[in-house]
Structures are given as C-alpha cells and as structure tokens.
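A.B. asks: Can you keep this structure in mind? I'll have questions shortly.
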C-alpha cells in the first residue's frame, strides 16, 4: 500500500456560532467544538484511508481563546501519522470576527481513528508523506504521542 501526502486528507469545516451553540457566557460550548472536531477529523481520516472509520481516542485538546456568538469557527484537520490500522489526525481551530476580520487561534487537538473493513474489523491504512514544515514536525513527534496514548490505555483501571 503506497503512502499518501498529508495534504490529500486536509479538510476544512467552517460554521457560524448561533445562540443554540452558546453557553451563558455567549461563547461556544466546548462540547460543540468537540462535535465539530470529530466531524472534520472523521472526514480527513476517511479521505486518507478510503475506509469507514471509528474514533479511537481524543487527546491534547487545548483551548486558547473563546469563540463568541456571531463569530465564525474554522476547523482544519489532516492525518499526521499512521500505524497499522490507526491514523492520528491533527485539528486546529480558529475563530473569526466576521465584522472586523480579526482571527485568533482557538484550540488544537489530536484525535485517533481506526479504519474498518467491510466486516467492521481493523484494516491497514496507507502511510503518510509529510511535505510542509508543520506536517513534518507533527509527523516526527507523532510516535511519541502514539506511545503515550498506548501507555495511558494500558494503565487504565
């Protein structure tokens, strides 16, 4: 199975934050952001594997700034690294004040997906070819994140 460039999995999702998406601070619910993250990362991992996928883990979700009512939220995701049947997906999130054009980094996260065959069993996925500096840095540090996730799973009660 030939490796694929990370750019082929790159996926962008943009939404406007409406009242139903917000908490009593008039900022987006963290859970809503997580829902958007899972959606955009699912698409990225399916683009890479061309298989059905399931979310295996979500980690390193770091919030930096709130997204306010009426702002746009933009999520960008791409596959950074693969193991046999799993794919690590990086998601970066920005908000944009649509009236002023001001943008800010809102959050980042890593999610892991497993590709499934037609019987619902894990199936191999292509490797990744990082091309940009960002892709290369994330690729080079991915195995350490994989090991940390595995250790965390192995030590759960």
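A.B. asks: Does residue 1 satisfy the condition of being farther than 18 Å from residue 97 by Cα and in contact with a strand residue (DSSP E or B) (Cβ under 7 Å, 6 or more places away or on another chain)?
C.D. replies: No, not satisfied.
A.B. asks: Can you go through 156, 152, 145 and tell me which one is outside any loop (DSSP other than H, G, I, E, B), modelled with pLDDT under 95 and more than 22 Å from residue 64 (Cβ to Cβ)?
C.D. replies: 152
A.B. asks: A follow-up question, please. Being touching a residue at least 40 places away in the same chain (Cβ under 8 Å), under 10 Å from the mean Cα position of the chain (by Cα) and surrounded by fewer than 19 Cβ atoms within 10 Å (Cβ to Cβ) is true for just one of 88, 76. Which residue is that?
C.D. replies: Result: 76 is the single residue among 88, 76 that is touching a residue at least 40 places away in the same chain (Cβ under 8 Å), under 10 Å from the mean Cα position of the chain (by Cα) and surrounded by fewer than 19 Cβ atoms within 10 Å (Cβ to Cβ).
The values are calculated or read from the model by the stated rules, or taken from the named source; none is laboratory data. As the structure is a computational prediction, the values presented were derived from the model and not from experiment. Positions of Cβ are generated from backbone atoms using ideal geometry, with glycine treated the same way; all protein chains shown enter the neighbour counts.
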